[in-house]
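The values are calculated or read from the model by the stated rules, or taken from the named source; none is laboratory data. Bear in mind the structure is a predicted one, so any value in this text is a computation, not a measurement. Ideal geometry is used to build each Cβ from the backbone, glycine not excepted, and the neighbour counts take in all protein chains shown. For accessibility, only protein heavy atoms count, side chains too; no ligands or nucleic acids. Shrake-Rupley method; radii C 1.70, N 1.55, O 1.52, S 1.80 Å.
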Amino acid sequence: MDLFPTAYIDDGSELADEPILFRMSDQSSGTNTGAVRFPLFDQDEPYDAAQFRSETSPLRQTMLLQQTPYVEPRFSLTPQMSSSSPSLSLASRVFENNDTQLDRSVLRQAITQIDTLGVDYVRGAEAGPTVATDVGSLLRKSPAALSIEVQRRSPIVNDTRVRSSRIGALAASGSHWVPARADLDTALSKIDSRNVEDVLIIPGPYSSLYGPGFQFVDFELLKSPRSESGLDWHGRTSFDHSSNGNQWLGQQGFWGGGENWGVRANYAQRTGDSYRTGAGNKVASDYESSEFTLALGRDLGDGRSIELSLLRLDQNKVQFPGYVFDIDDLVTDAYEITYIDEHAPLADRSETEVWYNRTVFSGSAQNPEKRQQFPLLDRISYVGFTDVDSLSTGYRRALSWGQENDYQFTLGHDLRFIKQELNEVASATTLGPPIPLVDRNSPIPRSFLVNPGVFAEYSEDLFDEYKVRAGGRVDFVQTDIIDNPSKLAALGLGTFPATYEEIVGTDQKQTDRFLWSLYGAIDRRYSESLVGTASLGFAQRPPTLTELYAAQPFLLLLQNGLNNVTGDPRLDQEKMIQFDLSLDFSTDMVKAGVRGFHSWAMDYITLENTRVLEGPPNGDVQQVSLRYVNTDLATLIGGEAFAELFPKSRLSPFMTLKGVDGRDRSRNGNFATTNGDAGTPSQQVAGLSRGFFSGIVGADAEPLPGISPFEARAGVRLRDVSRRPQWNMEFSARMVAHQYRVASSLLENTTPGFTTLDLRGTYQPRYAEGLTMVAGIENLTDKAYREHLDFRSPGGIQILQPGISVYVGADWTY
């Protein structure tokens, strides 16, 4: 069996470089440009391009409009048939298999209608050849994740930001994964990239299905398979090794089932040590991680099915370069049940999802290698421990009417419930007169967010050229603190303990909000090769529990490092209006696309500098106190572009571009905030510029903090175009621009540009069916560099990224 199935065109030409190829019919004339045949199936049964497109989800069509990944996934095909389907469609023959399944979820089908050009799509099959760790690592390395910037906190913890969205503002997946602690754990670091089917990135308020928000990341875990031919079992054994940091992965998976049931189980173990930078120094970044996933599915007949997914993650001794705390032990348990009815009583289809995710971890700040990065910790004899408990649960139910390529209407309701608690208990000695502080807590008190909502989505094809889409939702959001009041009576690392009310400056705890969102979009197909999209959306986002209730924990949110952060229960919800335009062009000679956007954010939640602590021996900044605050108006402008020449040829040059310019247009505000201490509650003093009490003079307007610089990636792909392709290679250069747009009032520093080179390759020997071998070199020239978001103190202490790393790996499917 071919590892890369080859598609034939009826005119006799052979295009072996892609596993799935087709040419669309001319809708205006009704003529066919070619029929598609797949040698793995009945070659006497042709399917013309129009039929293929009608049977293929918009998600699959979107894949053809984006740049080609450097490695195509291997399709281990096992045709499936539900008991209610009289015959297999071409799409189900191609996509419903053990490794890559057709999306059967009603909601996920509706999601792909959001913007077939504006949604980034990343295949989980890219994780193996790029030796990605978590899902954030996969998105950092994939050329298809155009709208994504990723902060690499550790080799297995990568923080995903869509168009420079802020830490904590992004919730992932329909089951609403949220970060447990904003500076360590992330929404996507709990998910091993090898267990993901695909990832959708929606870089704007163009969905009503995920709750209130401005951008969304939806990942799909591998589901249970089906087998038409009766009981069928398969396995997969994988390993990879990266030399820099001595990083190892071992993975074992099994899957199988029958005609109407299936099971999939997978276990992965990862370990790593300190890495070496391009400057030759060692950086402590050890970790141990293991993840187990289980998927069970059953077709109940008459178009009904149920799917259960289970995930268990254990991480130990995870060291974070440039952060005060490390994770000593972390446990995540996640469950999801999906029930689908293709013949619902009140609708054409219905789906119900129920999920429960919980993360518990403990950490400490005593690593001696780390404390060299923060001299203040030793000066005050700081001993700190943290523990976090974060829970997300809820449901989503949707009813859908209509058919693809006609109209589709989805109506539903959902509920998200989040409960979080962070304790940060420390002992220290004050600067100046040495006053001991014992077991002081700087927490995010135990608190909850409950969010019921209703949503609607509508799409329709018009005149064979247009597709219109619209959606909206209405939400109620309530938050409150449910912690023991006695615990909140003596907090903080001031000379004397302060109450929670003194630190945050208010006794308000409960908040109630009504939110709404609305969007519309239109696609136009100008020709077989050119498609354009225009989208306009308005959405509101409630503050996170961290933004509302933090009471001076050390959350390292900015590059200058030692930040303690205070929330404000009086924060307003954010509002955003965003407009997107995109054009995609695709022929046999070139694939290209460009997207631009402009966002106006009202009551945007940003940070205020309330105090700068300087200390001996040289008066260098030691600690920056930050406060969450609304700014009246912020703007974000930018876009993405890609181009690939000769995408079906042996040699294919390519390039991608992306960048965002974020501006705080009302930085001065109309008040300045004081720090809260014992006996002197925090106050908002009207008539002063924001940040006045820090002593740092800021401009009337300045760049937003944490905005990634512009970057480009250029390279060339070389691949085997024989009938049975065995290998491909990619050489690429990542070019990051100098970042001079920084938030000076928050002591953010400019950073120089840099260029890194990567070489990757895969090989699939003919004599060993099911075996794929990968190898590559990252940072080929051993460049010493740091990303803009990486830690760097004003005194010059900085954390560099890994230097040259050689990796090898193998994946055997049987």
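Considering only residues that are in a loop (DSSP other than H, G, I, E, B) and not polar (S, T, N, Q), look in region 358-389 and name the one that is modelled with the lowest pLDDT. Going through the qualifying residues, I end up with Phe374. Scanning region 300-310 for residues that are touching a Leu at 6+ places or on another chain (Cβ under 8 Å) and part of a loop (DSSP other than H, G, I, E, B) returns no hits.
If the condition is being charged (D, E, K, R) and modelled with pLDDT of 95 or more, then region 274-285 contributes only Arg276. The residue list Leu411, Leu462, Leu415 contains one member that is at pLDDT below 95, more than 17 Å from Tyr549 (Cβ to Cβ), touching a strand residue (DSSP E or B) at 6+ places or on another chain (Cβ under 9 Å) and of a type in the set (A, V, I, L, M), which is Leu462. When Thr271 is tested against the conditions (1) in a strand (DSSP E or B); (2) under 30 Å from Thr352 (Cβ atoms), the lone failure is (2). The single condition among (1) touching a strand residue (DSSP E or B) at 6+ places or on another chain (Cβ under 6 Å); (2) in a loop (DSSP other than H, G, I, E, B) that Ser392 does not satisfy is (2). State whether the residues of region 253-263 include one that is crowded, with 17+ Cβ neighbours inside 10 Å, touching a helix residue (DSSP H, G or I) at 6+ places or on another chain (Cβ under 9 Å) and either farther than 19 Å from Ser193 by Cα or touching a residue at least 60 places away in the same chain (Cβ under 8 Å) (or both). Among the residues of region 253-263, not one is crowded, with 17+ Cβ neighbours inside 10 Å, touching a helix residue (DSSP H, G or I) at 6+ places or on another chain (Cβ under 9 Å) and either farther than 19 Å from Ser193 by Cα or touching a residue at least 60 places away in the same chain (Cβ under 8 Å) (or both), which makes the answer no.
Which condition from (1) open to solvent by less than 30 Å² (accessible area, probe 1.4 Å); (2) in contact with a Lys or Arg (Cβ under 7 Å, 6 or more places away or on another chain); (3) at pLDDT 95 or above; (4) more than 26 Å from Tyr628 (Cβ to Cβ) is the one that Val531 breaks? Failed condition: (3). For region 568-576, does any single residue satisfy the condition of being in contact with a strand residue (DSSP E or B) (Cβ under 7 Å, 6 or more places away or on another chain), in a strand (DSSP E or B) and either open to solvent by 10 Å² or more (accessible area, probe 1.4 Å) or charged (D, E, K, R) (or both)? Checked region 568-576: at least one residue is in contact with a strand residue (DSSP E or B) (Cβ under 7 Å, 6 or more places away or on another chain), in a strand (DSSP E or B) and either open to solvent by 10 Å² or more (accessible area, probe 1.4 Å) or charged (D, E, K, R) (or both).
Being polar (S, T, N, Q), closer than 26 Å to Phe514 by Cα and either in contact (Cβ under 8 Å) with a residue 24 or more places away in the chain or in a strand (DSSP E or B) (or both) is a description that does not apply to Gln559. Ser208 meets all of the listed conditions (1) closer than 27 Å to Arg161 by Cα; (2) of a type in the set (Gly, Ala, Ser); (3) outside any loop (DSSP other than H, G, I, E, B) but one, namely (3).
In region 193-244, of all residues being among the acidic types (Asp, Glu) and out of contact with any Pro (no Cβ under 9 Å at 6 or more places or on another chain), the one that is farthest from Arg473 (Cα to Cα) corresponds to Asp240.
Just one of the listed residues (Gln739, Gln801) is of a type outside the set (Gly, Ala, Ser) and touching an Asp or Glu at 6+ places or on another chain (Cβ under 7 Å), and it is Gln801. When you check Thr277 against the structure, is it of a type in the set (Val, Ile, Thr) and either closer than 21 Å to Leu313 by Cα or open to solvent by 10 Å² or more (accessible area, probe 1.4 Å) (or both), yes or no? The answer is no for Thr277. All of (1) at pLDDT 95 or above; (2) within 25 Å of the chain's Cα centre (by Cα) hold for Asp584 with one exception: (1). Quick check, is Gln478 assigned to a loop (DSSP other than H, G, I, E, B), polar (S, T, N, Q) and under 25 Å from Ser392 (Cα atoms)? Against the criterion (assigned to a loop (DSSP other than H, G, I, E, B), polar (S, T, N, Q) and under 25 Å from Ser392 (Cα atoms)), Gln478 does not qualify. Is it the case that region 752-761 has a residue that's β-branched (Val, Ile, Thr) and touching a strand residue (DSSP E or B) at 6+ places or on another chain (Cβ under 6 Å)? Yes, region 752-761 contains a residue that is β-branched (Val, Ile, Thr) and touching a strand residue (DSSP E or B) at 6+ places or on another chain (Cβ under 6 Å).
Residues in region 790-809 that are hydrophobic (A, V, I, L, M, F, W, C) and at pLDDT below 95 were compared, and the one that is surrounded by the fewest Cβ atoms within 10 Å (Cβ to Cβ) is Ile797. Considering region 311-339 alone, what residues qualify as being open to solvent by less than 20 Å² (accessible area, probe 1.4 Å) and part of a strand (DSSP E or B)? Passing the criteria: Leu311, Leu313, Gln315, Val318, Asp326, Ile327, Leu330, Thr332, Ala334, Thr338. Picking from residues in region 587-604 that are over 26 Å from Lys575 (Cα atoms) and open to solvent by less than 50 Å² (accessible area, probe 1.4 Å), the one that is farthest from the chain's Cα centre (by Cα) is Thr587. Restricting the search to region 386-426, which residues are among the hydroxyl-bearing types (Ser, Thr, Tyr) and open to solvent by less than 50 Å² (accessible area, probe 1.4 Å)? Matches in region 386-426: Thr386, Ser390, Ser392, Thr393, Ser400, Thr410. Scanning region 711-741 for residues that are over 29 Å from Lys648 (Cα atoms) and open to solvent by 50 Å² or more (accessible area, probe 1.4 Å) gives His738, Tyr740.
If you filter region 454-466 down to residues that are of a type outside the set (Ser, Thr, Tyr) and surrounded by 22 or more Cβ atoms within 10 Å (Cβ to Cβ), you find that the one that is nearest to Glu528 (Cα to Cα) is Glu457. Being among the small types (Gly, Ala, Ser) and assigned to a loop (DSSP other than H, G, I, E, B) is not true of Ser535.
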